[in-house]
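Note sheet for the following structure.
The values are calculated or read from the model by the stated rules, or taken from the named source; none is laboratory data. None of the values given here were measured: they were computed from a predicted structure. Cβ: placed from backbone, ideal geometry, glycine included. Neighbour counts: every protein chain shown.
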Amino acid sequence: MLTQAQQQAYQTQGHLALDELFSPQQMQTLRQAALKIVDDFDPESTRSVFSTDNADTNRDHYFLASGDKVRCFFEEEAFSSSGELQQDKSLSINKIGHALHVLSPEFKAFSQSKIISDIAKGLGVIAPEIRQSMYIFKQPKIGGVIRWHQDASYFYTMPMSVVTFWFAIEDATLLNGCLQVDKAGANFPLKEQFKRYPNDSTELVQLTNIKWPANERALPLEVKAGSLVVFNGVLPHFSEANRSDKSRHAFTLHITSAQAQYDKLNWLQAEPVPLTSSSGLLSN
């Protein structure tokens with residue numbers, strides 16, 4: 001699937017963009033499936049999670065218990081000071097996570113497509129398996145900033161093996177908060193590790209004092225809908241807020257190697273799903 005030049009570019013840069021790899025119909029299928037999940041979601045069912053005196057603790061538990069579920073998470077700016085949604089529900093959700101690849105028929109079929117398995121193996125992932133899936137909305141006007149981070153902080157393995165597959169459901173531009181990566185970050189030292197302890201307390205542990213790259217060193221990855229961006233677990237990346245009138249929908253998979261040791265203190269401990277390549281789903 002990948003050419004030798006593409007494999008070399010990934011090794012050198014820590015990331016690779018495959019432009020318009022998937023058809024508009026495939027992206028629309030995922031978009032409609034995500035919108036249906038949001039449509040079926042009752043915000044009142046989680047009001048106590050986000051609006052009580054113990055809101056921070058409740059949010060943490062809601063998040064930590066989502067590894068084997070399909071749950072909706074709100075944008076931080078979705079609510080007014082009185083706790084009411086300030087826009088339609090469909091424009092208030094930050095993301096859906098974290099088991100779409102298991103529980104949603106549309107996302108499961110897409111995630112198990114042969115092309116994804118072939119790309120993972122082409123990037124050097126031995127016995128690839130899916131750890132997590134997310135649908136990210138990056139809503140118009142209120143899509144929040146995502147700070148510099150490295151995905152291996154959240155999916156720590158020995159040796160490092162996590163690869164992020166980021167599928168552009170819609171066009172991603174500077175205006176609507178596209179991904180931005182460190183131009184020289186292919187082998188950036190792992191700065192942090194997010195740990196979840198047996199009592200469900202969490203800690204973001206600093207592993208090195210190295211500073212995050214200056215924003216001037218960031219490379220914006222503006223891509224068209226249907227494109228796939230893959231990047232390794234230590235590549236620093238971030239995205240700006242979306243203050244435009246256009247959303248920036250994306251679907252992500254975090255894939256690790258079954259031959260690597262998955263840390264028992266990683267926040268997500270749901271059973272991984274091997275990439276079986278059994279689906280006949282093809283790209284354009």
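State yes or no: is residue 2 at pLDDT 95 or above and more than 18 Å from the chain's Cα centre (by Cα)?
Working: at pLDDT 95 or above: yes; more than 18 Å from the chain's Cα centre (by Cα): yes.
It is true that residue 2 is at pLDDT 95 or above and more than 18 Å from the chain's Cα centre (by Cα).
Kindly check whether there is at least one residue in the stretch 5-24 that is out of contact with any Cys (no Cβ under 9 Å at 6 or more places or on another chain), touching a residue at least 60 places away in the same chain (Cβ under 8 Å), surrounded by fewer than 13 Cβ atoms within 10 Å (Cβ to Cβ) and polar (S, T, N, Q). The answer is yes; a qualifying residue exists.
Identify all residues within the stretch 70-86 that are part of a loop (DSSP other than H, G, I, E, B) and under 15 Å from residue 45 (Cα atoms); write none if there are none. Walk me through it before giving the result.
Initial filter on the stretch 70-86 (part of a loop (DSSP other than H, G, I, E, B)): 75-78, 80-84, 86.
83, 84, listed by residue number.
Against the conditions (1) among the hydroxyl-bearing types (Ser, Thr, Tyr); (2) without any contact (Cβ under 8 Å) to a residue 60 or more places away in the chain; (3) buried (at least 18 other Cβ atoms within 10 Å of the Cβ), residue 117 satisfies every one except (2).
Of all residues in the stretch 150-180, how many are outside any loop (DSSP other than H, G, I, E, B) and in contact with a strand residue (DSSP E or B) (Cβ under 7 Å, 6 or more places away or on another chain)? So that I can check it myself, show each step before the final result.
Restricting attention to the stretch 150-180, the residues satisfying the condition of being outside any loop (DSSP other than H, G, I, E, B) are 151-153, 157-158, 163-168, 172, 180.
Add one more test, that the residue is in contact with a strand residue (DSSP E or B) (Cβ under 7 Å, 6 or more places away or on another chain), and what stays is 151, 153, 157-158, 163-168, 172, 180.
Count: 12.
Residue count for the stretch 175-186, restricted to those that are crowded, with 19+ Cβ neighbours inside 10 Å, touching a helix residue (DSSP H, G or I) at 6+ places or on another chain (Cβ under 9 Å) and not hydrophobic (A, V, I, L, M, F, W, C): 3. Yes or no: residue 121 at negative phi, in contact with a strand residue (DSSP E or B) (Cβ under 6 Å, 6 or more places away or on another chain) and among the basic types (Lys, Arg)? No: the conditions fail for residue 121. Just wondering, is there one or more residues in the stretch 205-218 that are under 22 Å from residue 34 (Cα atoms) and either among the aromatic types (Phe, Trp, Tyr) or modelled with pLDDT of 95 or more (or both)? The answer is no, given that none of the residues of the stretch 205-218 is under 22 Å from residue 34 (Cα atoms) and either among the aromatic types (Phe, Trp, Tyr) or modelled with pLDDT of 95 or more (or both).
So is residue 205 of a type in the set (A, V, I, L, M) and closer than 25 Å to residue 62 by Cα or not? Walk me through it before giving the result.
On the way: of a type in the set (A, V, I, L, M): yes; closer than 25 Å to residue 62 by Cα: yes.
Taking the combined requirement at face value, the residue satisfies it.
The set of residues in the stretch 96-108 that are closer than 15 Å to residue 132 by Cα and either in a helix (DSSP H, G or I) or in contact with a Cys (Cβ under 8 Å, 6 or more places away or on another chain) (or both) comprises 96, 100, 101, 102, 103, 107, 108. Put simply, of 45, 113 the only residue that is out of contact with any Pro (no Cβ under 8 Å at 6 or more places or on another chain), among the polar types (S, T, N, Q) and under 23 Å from residue 232 (Cα atoms) is 113.
If only residues of the stretch 149-174 that are surrounded by fewer than 20 Cβ atoms within 10 Å (Cβ to Cβ) and under 18 Å from residue 217 (Cα atoms) are counted, the one that is nearest to the chain's Cα centre (by Cα) is 149.
Test residue 118 against the criterion of being of a type in the set (Asp, Glu) and farther than 19 Å from residue 46 by Cα, and give yes or no.
On the way: of a type in the set (Asp, Glu): yes; farther than 19 Å from residue 46 by Cα: yes.
For residue 118, the condition - of a type in the set (Asp, Glu) and farther than 19 Å from residue 46 by Cα - is met.
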